[in-house]
Amino acid sequence: MCGIVGIISNQPVAPLLLEGLKRLEYRGYDSAGIATLLNGSIERRRAEGKLVNLQGRLVEDPVEGSIGIGHTRWATHGVPSETNAHPHATARAAVVHNGIIENFQELREELKEYGDQFVTETDTEVIVHLVTRYMDEGMEPKEAVAASLPRLEGAFALVLIFAGKHDFMIGARRGSPLAIGFGDGEMYIGSDALALAPLTRQICYLEEGDWAVIARDELDIIDESGNAVTRPVVETAMSGAMTGKGDFRHFMLKEIYEQPSVIGETLNTMLNPATQTITLPPMPFDFDDVSKVSISACGTAYYAGLVGKYWIERLGRLPVEIDVASEFRYRELPMDPGGLSIFISQSGETMDTLSALRYAANHGQKILSVVNVEESSIARESDAALRTLAGPEIGVASTKAFTTQLTVLACLAIACGRARGTISEAEEAALSVALSEVPGRAAEVLNNDEIIADIAELVADARDVLYLGRGTSFAIALEGALKLKEISYIHAEGYAAGEMKHGPIALIDENVPVIVIAPGNDPLFEKTASNVQEVIARGGKVIFLSDSDGITRMENQASPTATIMLPKVDPFVAPILYGIPVQLLAYHTAVLKGTDVDQPRNLAKSVTVE
């Protein structure tokens, strides 16, 4: 989940490398560094902490050179420090690396016997020492890399430059993505297209096992079998203008406010408001032939999948299993050939999810993905992909990706029900109308921003917070708790409201805020209201999210400490809307606590290691 960028140019590359790293800092911000070639020698500048520290270092000690590599790190092996920061180098080569070299200890011991001296705690350092060892034995850089790659176990994306080679770099991928960009007499490489967006729209993605020799006017790609191959060059939709903060204080707030627009854009790809129908792109399966659905995802995407489980089971009358992707393949699930497996990922590069996808594909499943990046590994390895049109999401805590994932899954559930005949044409029309109203209703939800900012003061001083909901609102409770944990560092847990009396109610006192998600027209409203009464009776501070009817009914039974009034909508679409106020509550709580909202500690955006 680190960020990589490399450039061969006709001009000094340090400013371009720094700009590329700024666009990748969401991938890791424990340390950063760049390496260039100056008069044939490798020059490095590195700094612990966020990219601004490297920027300051470069002001104090500039570096020249028209070829270079850069890296922003999320630590796996070795503490965040300048010593452990990438690039790692010998006198002959420098490398940046994303992923994990699982056999680095064995390689390190082997290389020490040759007299190699290691100065870091990282797994990455063995790569550059191994390549250098082969070069010291007389191999050219390309031959040295070809000899080294088969010896590396694990997942990686890496880029190397070599002393004396001002028009030459090598990139390789196994498990982690790399994109190559084409310019006018320039070449670029990055861990995703976002890093290269200001420089080029012409992108070539390396396939699994590929490695590439890159020169200013030439690109040679070798596949894992050692054969020369070509990969298609595509025009990416990414642009430099898409990632600015605008007038917003944080990317997260900007992305929360973009939700009415991106939900609408995502809906427009599947929903026809004139006919009140849902149309999916061609699917490589027939819903009538599907006997069971498996959903797998991580983090926020998992909670979107949990809502999708409720929807598909209810509308399509199909049993759905859902797994955290990191657990899925390790329980060695028997899977009947021809089943449907759905994988959800914002980046499309989440390693746990990609590994689960490959397990399912190897067991004869049809693979459907829900992704935000159409050129991603998960999208390319799927039989079909449904795209969320969220655009780049820079804030580490996911917001608009979550609600667009829900939007896609809602359309999928309707299409499934209609194809299987478990909902009627009239029911499809009613649900489609409800979905078509969501963008406008989402804009109404944002009108609560100031109210939610005030309510956040009830949460900011808490040590523990509970979130409650039933049905699809249970998934929103889980997501709300995750958001609060991620960016405010307050311990929070989401529970099915009916589970309160089975243990969590022991935690309730006047110091534990309880956030309750309960749409007024939800069939389970009264049961949730009963759980709220149990909390209030024990001195709990209840923050109650509902529509006007729900709030009135709740206040007739017991008085919540605070309420957030949301628009009345069909219960089917309520999870999409109710995801927004829990995002805002987490955001404003984090602001009050003074945490780093966009780059919370220990987290990074695209998790490309297991």
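The values are calculated or read from the model by the stated rules, or taken from the named source; none is laboratory data. Everything numeric in this text was worked out from a predicted model, so none of it was measured. Methodologically, a virtual Cβ is constructed for each residue, glycine included, from the backbone with ideal geometry; neighbour enumeration extends over all protein chains shown. Quick note on the areas: whole protein, heavy atoms, side chains included, nothing else; ligands and nucleic acids left out. Shrake-Rupley method; radii C 1.70, N 1.55, O 1.52, S 1.80 Å.
Data for the structure
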quantity: Length released on extending from residue 184 to residue 105, taking residue separation times 0.36 nm less the Cα-Cα span; calculated: 24.2 nm
quantity: Top positive-direction residue, dipole computed over the chain with Cβ charges, set 53, 585, 178; calculated: 585
quantity: Evaluated at q = 0.09, 0.10, 0.11, 0.19 Å⁻¹: base-10 log I(q)/I(0), Debye formula over Cα of segment 184-285; calculated: -0.42, -0.52, -0.61, -1.02
quantity: Average Cα contact separation per residue, segment 42-195, under 8 Å, 6 or more apart, as relative contact order %; calculated: 21
quantity: Value in Å of the Kirkwood radius, where segment 63-167 supplies the Cα pairs that are averaged; calculated: 14.0
quantity: For segment 241-392, average projected area of the Cα convex hull in nm²; calculated: 10.1
quantity: Area accessible to solvent at residue 303, 1.4 Å probe radius, in Å²; calculated: 40
quantity: Kirkwood-Stokes translational diffusion coefficient of segment 484-586, alpha-carbon pairs, 25 °C, 0.890 mPa s, µm²/s; calculated: 175
quantity: Selection from 556, 536, 572 lying farthest towards where the dipole of segment 529-576 points positive, charges on Cβ; calculated: 536
quantity: Cα pair distances in segment 101-140, grouped into 5 Å bins until the bin that holds the longest one, percent each; calculated: 6, 26, 37, 21, 10, 2
quantity: Calculated from backbone phi, Karplus (6.51, -1.76, 1.60) coupling profile of segment 103-108 in Hz, x at Gly/Pro; calculated: 9, 5, 5, 5, 5, 4
quantity: Relative packing of 264-273, 373-382, 550-559, which averages over residues the other C-beta atoms within 10 Å, highest first; calculated: 373-382, 264-273, 550-559
quantity: Globularity ratio of segment 366-430, using Cα Rg and 2.2 N^0.38 Å; calculated: 1.31
quantity: Descending principal axes extents, segment 311-428, alpha-carbon based, whole Å; calculated: 39, 35, 21
quantity: In sequence order, calculated HN-Hα J values of segment 514-520 (Karplus, 6.51, -1.76, 1.60; Hz; x Gly/Pro); calculated: 10, 9, 10, 9, 8, x, x
quantity: Dipole magnitude (debye, nearest 20) for segment 350-498, charges at Cβ of Lys, Arg, Asp, Glu; calculated: 620
quantity: For the chain, calculated [θ]222 nm from helices alone, where every DSSP H run of n ≥ 4 adds -39500 (n - 2.57); calculated: -11000 deg cm²/dmol
quantity: Surface per residue (accessible, 1.4 Å probe) for the chain, Å²; calculated: 36
quantity: Mean Cβ neighbour count within 10 Å, used as a protection proxy, ranking 306-316, 5-15 highest first; calculated: 306-316, 5-15
quantity: Unit charges at the beta carbon, dipole of the chain: most positive-side option, 460, 222, 300; calculated: 460
quantity: Antiparallel bridge percentage (DSSP; both residues within the chain; nearest 5); calculated: 60
quantity: Rounded if a/c under 1.5, otherwise prolate or oblate - segment 421-565, Cα gyration tensor axes; calculated: prolate
quantity: Percent RCO, i.e. relative contact order, over the chain, from Cα pairs under 8 Å lying at least 6 residues apart; calculated: 12
quantity: Kirkwood-Stokes translational diffusion coefficient of segment 527-610, alpha-carbon pairs, 10 °C, 1.306 mPa s, µm²/s; calculated: 104
quantity: Under 18 Å from residue 142, Cα to Cα: aspartates and glutamates that are on another chain or at least 8 residues apart; calculated: 167, 210, 217, 218, 220, 223, 224
quantity: Dimensions in Å of segment 307-348 - Rg and Dmax from alpha carbons; calculated: 11.7, 30
quantity: Accessible heavy-atom area order of 257, 587, highest first, probe of 1.4 Å; calculated: 257, 587
quantity: Inter-site label distance for residue 225 and residue 142 at 7 Å from Cα along Cβ, in nm; calculated: 2.0
quantity: Angle in degrees between helix 259-268 and the longest Cα principal axis of the chain, rounded to the nearest 10; calculated: 90
quantity: Rg/Rh (Cα only; Kirkwood hydrodynamic radius) as it applies to segment 174-219; calculated: 0.95
